[in-house]
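Report on the structure given below.
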Amino acid sequence: MSMPLEDVRIIELTNVLGGPLAGRLLGDLGAEVIKVEQPGTGDSSRKLGPYFLEGESAYFLGFNRNKKSMTLNLRTKQGLEVFYQLVKHADVVLDNFRPGVLDRLKINYEILKTINPAVISASLSGFGQDGPYSQRPAFDGVVQAMGGAMSVTGRQNEDPVYMGFPMGDVGGGWGLAFGVLAALHEKSRTGIGKRVDVSMLDMQVSFQAHLGAFYLASGEIPNPIGSGHPSNIPAKSFKTADEKWVQIHCSTEPFWFKTAEMISTVVPGFSFLASDNRFMSADGRMQYRNDLEEILDKAISTKDQDEWKELFVEWDIPGAPINNLHDVFLDPQVIHRNMLVEMEHPTIGTIKTAGNPIKTGHDEKFSPPPLLGQHTQEILSGICGYSDAEIEALASSGAI
């Protein structure tokens, strides 16, 4: 069975996280992703620590599977001509440059569409291609701060907290991949390419979800909510007897009543909970929120995390252990879903990485992240039709 995107060729001009993640997502779905890198240096994440495997950055390895690498100096006349030849055979050009760089390199959409009218030019930037912030530098923490995420992360009256997962970058990468898929679908109808403009800040604003909706409806600015929820009660983390943690999240009445029944049944001294009139309605649980959470704190502290894990399953309760990353990659559901995969790297040997979360019914394929320039000659001869002599001349000129 063919992969969903196996007839799509993507040129990737990205660095570090958000852009490379978009390329990886599209490559996981079968696209041929050609990562064009600066000769001698490549993606700057190739040098990022703190962890290296046989000299290869773990950071780079995490975001660049299912790609080919070619080196090309776009600042040379010869390198730019090679790029234009490659664009003739491409469906998409990805970048995460600051706005204006494409113009300076002479590879903006206005130029590329004269070479290939069907090409899609898709850019990820901190703030978008226009607007008062478009030329400002942006990194994950900046976007989390400006998009409101840090204002609701952590606990009230404490210092603002940065999310552990880099959701500014990750959200941008997913948005870029989504935009490419939409443009490819439109091109299938029209035969014409598209300019796709994705902003990390825009993505953060969209991630506000119900919190943004609540503010726009009420005018009340939400505070940090810790491990809780503004309207689902109980929804909170609780410490267990073995000094670990579980999270319970009761978003509906039936789940709360099942949770109350479970605790009344299995924890000595808490038989009152299932019939406590204070907690029989959502309004009551909101009014007596502190009392309820104090009761649950005491009840959950009576058993170990593993005991609660079993009870949550037995009683069909929306609760779970708070896993560290070691626990995550041992979880039977994660393993069953092929979310931990292995690849054979040409210099490292076996490497492990998180799997593809998009399940389409196809056999999943994972090729290792490429060495710098590993596929340059293959691409130049196989796609662009350059002869060995022409490739040697390009190398002598510093274009590759």
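With Cα atoms as the point set, the radius of gyration and Dmax of the range 206-317 evaluate to 14.9, 45 Å. Taking a point 7 Å out from the Cα of H210 in the direction of its Cβ, the residues of the range 242-274 whose backbone N falls within less than 19 Å of it are 247-260. Our helix-only sum for the chain, with -39,500 (n - 2.57) per DSSP H run of n ≥ 4 divided by its residues, gives a mean residue ellipticity at 222 nm of -11000 deg cm²/dmol. Straight-line reach from K35: taking Cα to Cα under 18 Å and skipping same-chain neighbours fewer than 8 places apart, the aspartates and glutamates in range are E6, D7, E12, D43, E56, E81, D91, D95, E378.
Applying a DSSP loop filter and a limit of 16 other Cβ atoms within 10 Å to the trypsin sites (Lys or Arg not before Pro) in the range 326-400 leaves R337, K359, K365. At most 12 other C-beta atoms within 10 Å and a DSSP loop state: those are the exposed chymotrypsin sites (Phe, Trp or Tyr not before Pro) I care about. Give me the longest piece of the chain that has none. The segment 52-271 is the longest one with no such site.
Along the range 303-313 the Karplus relation, 6.51 cos²θ - 1.76 cosθ + 1.60 evaluated at θ = phi - 60°, assigns HN-Hα couplings of 9, 6, 4, 4, 5, 5, 4, 5, 5, 4, 5 Hz to successive residues, with x for each Gly and Pro. Taking the chain as a Gaussian network of alpha-carbon nodes connected by springs under 10 Å, the highest mean-square fluctuation of the residues P132, P224, P166 belongs to P132. Helix 388-397 axis versus longest C-alpha principal axis of the chain: approximately 80°, rounded to the nearest ten.
Computed over protein heavy atoms with a 1.4 Å probe, the accessible surface of the chain works out to 50 Å² per residue. Among H229, H185, H336, the sequence by solvent-accessible area, most first, with a 1.4 Å probe is H336, H185, H229. Along the range 80-89 the Karplus relation, 6.51 cos²θ - 1.76 cosθ + 1.60 evaluated at θ = phi - 60°, assigns HN-Hα couplings of 5, 5, 4, 4, 4, 5, 5, 4, 4, 10 Hz to successive residues, with x for each Gly and Pro. Normalising by residue count, the chain has a Cα convex hull of 179 Å³ per residue. Convex hull volume of the C-alpha atoms in the range 29-174, normalised per residue: 149 Å³. Per-residue surface analysis assigns T347 an accessible area of about 70 Å², computed on protein heavy atoms at 1.4 Å probe radius. For the chain, the longest principal axis of the Cα atoms and the long axis of helix 209-218 meet at an angle of about 70 degrees. Note on the range 109-222: along the principal axes its Cα atoms extend 56, 29, 26 Å, ordered by decreasing extent.
Springs join every pair of Cα atoms under 10 Å in this Gaussian network model of the chain, and among G154, G128, G349 the largest mean-square fluctuation is at G349. Label-to-label distance for E253 and E81 is 7.6 nm, based on points extended 7 Å past Cα in the beta-carbon direction. Of the Cα atoms belonging to the range 1-104, the radius of gyration and Dmax stand at 14.0, 42 Å. Counting only alpha carbon atoms, the long axis of helix 167-190 and the longest principal axis of the chain meet at about 60°.
Using a 1.4 angstrom probe with every protein chain in place, what is the largest-first accessible-area order of E186, E158?
Working: E186 60, E158 115 Å².
So, going from the largest accessible area down, we get E158, E186.
Could you please state how large a percent of the accessible area of the range 296-400 is carbon and sulfur, counting protein chains only and using a 1.4 Å probe?
Details: 3070 of 6020 Å².
Accessible surface attributable to carbon and sulfur in the range 296-400 totals 51 percent.
Per-residue Karplus couplings for the range 18-33, computed as 6.51 cos²θ - 1.76 cosθ + 1.60 with θ equal to phi - 60°, are listed in order as x, x, x, 4, 4, x, 5, 4, 6, x, 4, 8, x, 5, 7, 10 Hz, Gly and Pro entered as x. Using C-alpha pairs under 8 Å with a sequence gap of at least 6, the mean separation divided by the residue count of the chain gives a relative contact order of 19 percent.
Kindly give the semi-axes, whole Å and largest first, of the ellipsoid equivalent to the range 188-258, taking each as the square root of 5 times a Cα gyration tensor eigenvalue. Present the calculation step by step, with values, prior to reporting the outcome.
Details: eigenvalues 274, 64, 44 Å².
The equivalent ellipsoid of the range 188-258 has semi-axes of 37, 18, 15 Å.
Here the accessible area of the range 222-269 is 59 percent carbon and sulfur, with a 1.4 angstrom probe and all protein chains present.
Quick one: in the range 279-396, what % of C-alpha pairs are over 17 Å apart? Provide the component values of the computation, followed by the final result.
Working: 5259 of 6903 pairs.
Pairs farther apart than 17 Å: 76 percent.
When every Cα-Cα distance of the range 253-306 is counted in 5 angstrom steps from zero, the calculated P(r) takes the values 4, 21, 31, 28, 12, 4, 0 percent.
Per-residue SASA remark: V334, around 30 Å² accessible (1.4 Å probe; ligands, DNA and RNA not included). In this simple spin-label model, placing a label point 7 Å from the Cα along the Cα-to-Cβ direction at both E6 and N290 gives a separation of 6.2 nm. For D197, the residues whose modelled amide H falls within less than 5 Å of its own, excluding neighbours fewer than 5 places apart on the same chain, are S123. Here the label points at Y133 and S271, each 7 Å from Cα along the C-beta direction, are separated by 5.8 nm in the simple model.
Taking the three principal axes of the alpha carbon atoms in the range 20-80, the coordinate ranges are 36, 28, 16 Å, sorted in descending order. If you take all other residues with their beta carbon under 11 Å from the beta carbon of V266, and give Lys and Arg +1 and Asp and Glu -1, the sum is -3. Put T360, T153, T259 in order of accessible area, highest first, and with a 1.4 Å probe you get T360, T153, T259.
Return the subset of K88/K365; K113/K359; K47/K352; K47/K359 for which the Cα-Cα distance in this structure is over 22 Å, preserving the input order. Display every interim value, and only then the final one.
On the way: K88/K365 27 Å; K113/K359 33 Å; K47/K352 19 Å; K47/K359 32 Å.
Distance filter (> 22 Å) returns K88/K365; K113/K359; K47/K359.
The heavy atoms of M280 offer some 80 square angstrom of accessible surface to a 1.4 angstrom probe.
A straight line joining the Cα centroids of the range 31-92 and the range 313-341 runs 34 Å.
Amide H contacts under 5 Å for T71: E37, G373, T376, restricted to partners 5 or more places along the chain or on a different chain, H placed in the peptide plane at 1.01 Å from N.
The values are calculated or read from the model by the stated rules, or taken from the named source; none is laboratory data. None of these values were measured; they are calculated from a predicted model. When we count neighbours, we look across all protein chains shown, and the Cβ atoms used for this are built from the backbone with ideal geometry, even at glycine. Remember, those area values only see protein heavy atoms, side chains included, never the ligands or the DNA or RNA. Shrake-Rupley method; radii C 1.70, N 1.55, O 1.52, S 1.80 Å.
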